[in-house]
Amino acid sequence: MFTRSLLPAVLLGVSALPTFADAPRVVTDIAPVQGLVARVMAGVGEPDVLVPPGASPHGYSLRPSDARALSSSDAVFWIGDELEPWLADSLSELAAEATIVSLLDAPGTTRLDFREGVVFAQSDHDHGHDHGHDHEDDHDHDHEDGHDHDHAEDEHAHEDHGHDHDDHDHGDHGHDHSGHSHEGLDPHAWLSPQNGKQWLALIAEELAKIDPANAEIYQSNALAGQAEIDELVQSLGAELEQTDGQFVVFHDAYQYFETSFGLKSVGAISLGDASDPSVARVAEIRDAILAADVSCVFSEPQFNPGLVRTVTEGAEVASVVIDPLGTKIEAGASFYTDLLADTGARFVECLSN
């Protein structure tokens, strides 16, 4: 549904240089980050990924091969402790000599707090779309150095990293069964195209420090990746502007994407991707679906589709499967834009019914 033109040959030409033998050894945490690093490293090398397709990043046990990869790494790029609290100790022990970059803590990263409650707060003028929002063009500055960050979404940024996740215990409104907190900072920040652009620049900058011989390739690849994202955002924005209707997500993983494109979910069925919703939560979201005349409910591959049928009982609601980690998308340099395109296509499919 969405098309992306091929990059000019001049930008792709640098990707053909045979420098794999000297490539830095890079490890990433999840597939979306691997995709961004792969875009920057195109023609130089290929990054490894720790969390395999289908596994939850919120709770994962490292395999011996993962430990070996970390021990031999020159750089590790990961979202951060908010997404993978289990990884921090392993990084300090196994990758002590590597450059370790937490993308969620990187300067210029748009950071949003988790939305509270089963039903998310809606302003008086918010009916699922903000068609006056100019997507990301209002805050899209020149990020060639990765550190120019004066943009409109900064009102949502949270420079205070001191979210205390340990002093709260609110049952279905606190932590999911895997220990991943749904209070404080929302770590699903890779679904913001603007964050993707910021991180491409940062990844190129960090790799250039490690591997200065290929610095120009990293910079050129990052600029090309940013141009791809810009083009895709325009295409997605045009498609999403034509949609209408209220929607509910299975778990609150999409607000970065929603914010980028002027969308807003009514609420979430489950607290997290590793928790089962309580009976009270199911009843509350079912009432909200009927009251808000919701037309679309998003499920995810790992969830029981019976829960969707339960919460949509008595309502005429379309259901579409969406995957924030892109489990079925082929790994490689185009993964990140493919993930954004697929996410947008799912929204258009469900909200156009």
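The values are calculated or read from the model by the stated rules, or taken from the named source; none is laboratory data. Only a predicted model underlies this, so the values are computations on that prediction, with no experimental measurement involved. So basically every Cβ, Gly included, is an ideal-geometry build from the backbone, and we count neighbours across all protein chains shown. Heavy atoms of the whole protein, side chains included, go into the accessibility calculation; ligands, DNA and RNA do not. Shrake-Rupley method; radii C 1.70, N 1.55, O 1.52, S 1.80 Å.
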For strands (runs of 3 or more DSSP E) lying entirely in the stretch 185-301, having 1 or more residues that are open to solvent by 10 Å² or more (accessible area, probe 1.4 Å) picks out 246-251, 294-299
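Would you check which residues across the stretch 56-107 are in a loop (DSSP other than H, G, I, E, B) and closer than 16 Å to Trp190 by Cα and list them?
Once the filter is applied, which keeps residues that are in a loop (DSSP other than H, G, I, E, B) and closer than 16 Å to Trp190 by Cα, the stretch 56-107 yields Ser56, Pro57, His58, Ile79, Gly80, Asp81, Glu82, Leu83, Glu84, Ala106, Pro107.
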Please count how many residues of the stretch 324-345 are over 14 Å from Val40 (Cβ atoms) and either crowded, with 16+ Cβ neighbours inside 10 Å or aliphatic (A, V, I, L, M) (or both).
13
Determine whether Ser260 is modelled with pLDDT of 95 or more, touching a Pro at 6+ places or on another chain (Cβ under 9 Å) and closer than 15 Å to Phe347 by Cα.
yes
Could you count how many residues in the stretch 274-300 are over 23 Å from Gly245 (Cα atoms) and of a type outside the set (Ser, Thr, Tyr)?
5
Ile269: without any contact (Cβ under 8 Å) to a residue 60 or more places away in the chain and in contact with a helix residue (DSSP H, G or I) (Cβ under 9 Å, 6 or more places away or on another chain), yes or no?
yes
Filter the stretch 296-321 down to the residues that are at pLDDT below 85 and among the aromatic types (Phe, Trp, Tyr) and list them by number.
Phe303
Which members of the stretch 55-78 meet the condition of being touching a helix residue (DSSP H, G or I) at 6+ places or on another chain (Cβ under 8 Å), open to solvent by 10 Å² or more (accessible area, probe 1.4 Å) and either of a type in the set (Asp, Glu) or in contact (Cβ under 8 Å) with a residue 40 or more places away in the chain (or both)?
Asp74, Trp78
Can you find a residue in the stretch 15-23 that is modelled with pLDDT of 90 or more, over 22 Å from Glu93 (Cα atoms), touching a Gly at 6+ places or on another chain (Cβ under 8 Å) and not polar (S, T, N, Q)?
yes
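Would you tally the residues in the stretch 27-42 being open to solvent by less than 10 Å² (accessible area, probe 1.4 Å) and not in a helix (DSSP H, G or I)?
Residues in the stretch 27-42 being open to solvent by less than 10 Å² (accessible area, probe 1.4 Å) and not in a helix (DSSP H, G or I): 4 in total.
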